[in-house]
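What follows is a single structure, written as structure tokens, with notes after it.
The values are calculated or read from the model by the stated rules, or taken from the named source; none is laboratory data. As the structure is a prediction and not an experimental result, all values here were calculated from the model. Please note: Cβ atoms are built from the backbone with ideal geometry, for glycine as well, and neighbour counts cover all protein chains shown.
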Amino acid sequence: MEEDFQGSKHENNEARHSVERYEEMLRNKDAYFFDVDAFLNIIDNYIEKNDPVKALEVVEFAQSQHPASIEFLLRQAQLLAMVDRSDEALGILEKAEILMPTEADIYMIRGSIYSHQQRFEEAVASFNQAIPLADEPDLLYLNLAYVYESWGDYDKAIDNLKHCLKHNPTNELAMYELAFCFEFTERFQDSISYYEKFIDLHPYSYGAWYNLGNVLNRLDRFDDAISAYDFCLAIKDDFAAAYFNKGNTLANIERYADAIECFKKTFEFEAPDSLTYYSIGECYEQLNDMHRSRDYYKKATKLDPTHLESWLGIGITLQNEERWFEALHYLRKAMEIDSENPEVWFAIGDAEYHMDNFVAAETAYRKVIELDADNKEIWLEYSHLLMVDARPEDAIAILETGISQHPEDAELLYRMACYHYSTGQINEAYQTLENALDKNPDQAHTMFEYSPSLENDRHILELIELYKQR
């Protein structure tokens, strides 16, 4: 290891010396001689500094001193492509192919240019030409996968990523790109089979364990996902993303305290970000620790003032403490970020309702319906507001609209039965109750939660018992 370090240090010093000597030559308006390696170091220096124009000038000077060197033709083609002179680059590659037709880099660079030009068929042909000539073909298979992705053929992209990993099981880019392609094509079972076989051959591949955990979590196999993340972390204990995703999985099975530990563990290996702070805040909210939840939501907004979910989270925690006026301040912050977010409008409507601002609440609830009519809860809340505001006919009309949107939802029918009963429409209430019971007798309790006095009606109790015995 020490020899490797010393060798690397020596190479860096040589490269820096070459660059300094070249720039001294330019200042002196002189012409120094450089060997091929020195020129390559100088070219790479300008590429790293994102200055392809200067790098091209070095290439031209290098070619004057080393006209037979193919390396400079290849660098010239790459640089010309970088500055959108692709046709010239392709011409240079034709010259290089005549000089050395077995050089894999010629076809790889050509394939990259064709891919950038969306000449996908020619790109594929070029990369395939390079594969038998390359000492390490995994990068070529990876590039082929990128071409097929751009072309929209994800199955062939997956095939080439598998070839890449067969040649180089440690290629992390290929492993993560494969996960993306499996996810995009929803080939979840195929991905599980692949990762399990890969792990049998390469049990210490933390990337494969990580990807396996992600797809198992996606399929709600939470315990299996946690086991996969644990294997991943046993191999690579500083893998922040695995801690984060394990935290999400633990939160999915309501192990919120354990999830918080995982989220906080990420801070040992990477700087905190707004999403992690938000996730911790969500867990504390689920644990009914509104003060800590709010602290983490506020930390998220400091890192990212545009993180709408965190502003909304602060508002919700304040609502949970019935601090309606304070909640509105933060909910309006969320509204400034996205004025078309139905969840924010819903929360604003609730706050306004609890402050007896019925007009403002109704405006907010109407906006929710405009943005998200599929939300069943809005029909319950909006119609309840109208009942409290002594507008039963409007409440029944709104709930009828909600039922037309959700004809199979029993809870809306149970609520309608309550409204009919409270307005003296007893027969309509019984009929609506039977419709609700026919759909889901197990939800009958929601009617008593809303109107406890209905438990005093023997006919209602007999109807519920009759349907539950069916």
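Quick look at the numbers
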quantity: Single match in 241, 271 (criterion: surrounded by fewer than 18 Cβ atoms within 10 Å (Cβ to Cβ), within 25 Å of residue 157 (Cα to Cα), within 20 Å of the chain's Cα centre (by Cα) and small (Gly, Ala, Ser)); calculated: 241
quantity: Residues located in the stretch 74-97, provided they are surrounded by 21 or more Cβ atoms within 10 Å (Cβ to Cβ) and over 17 Å from residue 63 (Cα atoms); calculated: 81
quantity: Test for residue 410: is it surrounded by 15 or more Cβ atoms within 10 Å (Cβ to Cβ), in contact with a Phe, Trp or Tyr (Cβ under 6 Å, 6 or more places away or on another chain) and more than 18 Å from residue 385 (Cα to Cα); calculated: no
quantity: Test for residue 296: is it surrounded by 20 or more Cβ atoms within 10 Å (Cβ to Cβ) and over 25 Å from residue 208 (Cβ atoms); calculated: yes
quantity: The stretch 329-339: number of residues that are touching a helix residue (DSSP H, G or I) at 6+ places or on another chain (Cβ under 6 Å) and either surrounded by fewer than 22 Cβ atoms within 10 Å (Cβ to Cβ) or not hydrophobic (A, V, I, L, M, F, W, C) (or both); calculated: 5
quantity: Number of the condition not met by residue 155 [criteria: (1) acidic (Asp, Glu); (2) in contact with a Lys or Arg (Cβ under 9 Å, 6 or more places away or on another chain); (3) within 14 Å of residue 211 (Cβ to Cβ)]; calculated: (3)
quantity: Output for the stretch 37-93, where each listed residue is charged (D, E, K, R) and assigned to a helix (DSSP H, G or I); calculated: 37, 44, 48, 54, 57, 60, 71, 75, 87, 88
quantity: Every residue from the stretch 94-113 that is without any contact (Cβ under 8 Å) to a residue 12 or more places away in the chain and within 14 Å of residue 134 (Cα to Cα); calculated: 101
quantity: Residue in the stretch 300-329 that is farthest from residue 342 (Cα to Cα), counting only those that are among the hydroxyl-bearing types (Ser, Thr, Tyr) and in a helix (DSSP H, G or I); calculated: 301
quantity: Enumeration of residues in the stretch 365-379 that are in contact with an Asp or Glu (Cβ under 8 Å, 6 or more places away or on another chain), crowded, with 19+ Cβ neighbours inside 10 Å and not aromatic (Phe, Trp, Tyr); calculated: 378
quantity: Subset of the stretch 280-303 (residues that are among the hydrophobic types (A, V, I, L, M, F, W, C) and closer than 20 Å to residue 252 by Cα); calculated: 280, 283, 287, 290
quantity: Check on residue 430, surrounded by fewer than 23 Cβ atoms within 10 Å (Cβ to Cβ) and at pLDDT 95 or above; calculated: yes
quantity: Enumeration of residues in the stretch 146-190 that are outside any helix (DSSP H, G or I), of a type in the set (D, E, K, R) and more than 19 Å from the chain's Cα centre (by Cα); calculated: 153
quantity: Qualifying position, being under 21 Å from residue 243 (Cα atoms) and at pLDDT 95 or above, among 287, 328, 308, 312; calculated: 287
quantity: Hits in the stretch 380-404 (condition: buried (at least 16 other Cβ atoms within 10 Å of the Cβ) and either farther than 22 Å from residue 343 by Cα or of a type in the set (S, T, N, Q) (or both)); calculated: 383, 387, 389, 391, 392, 394, 396
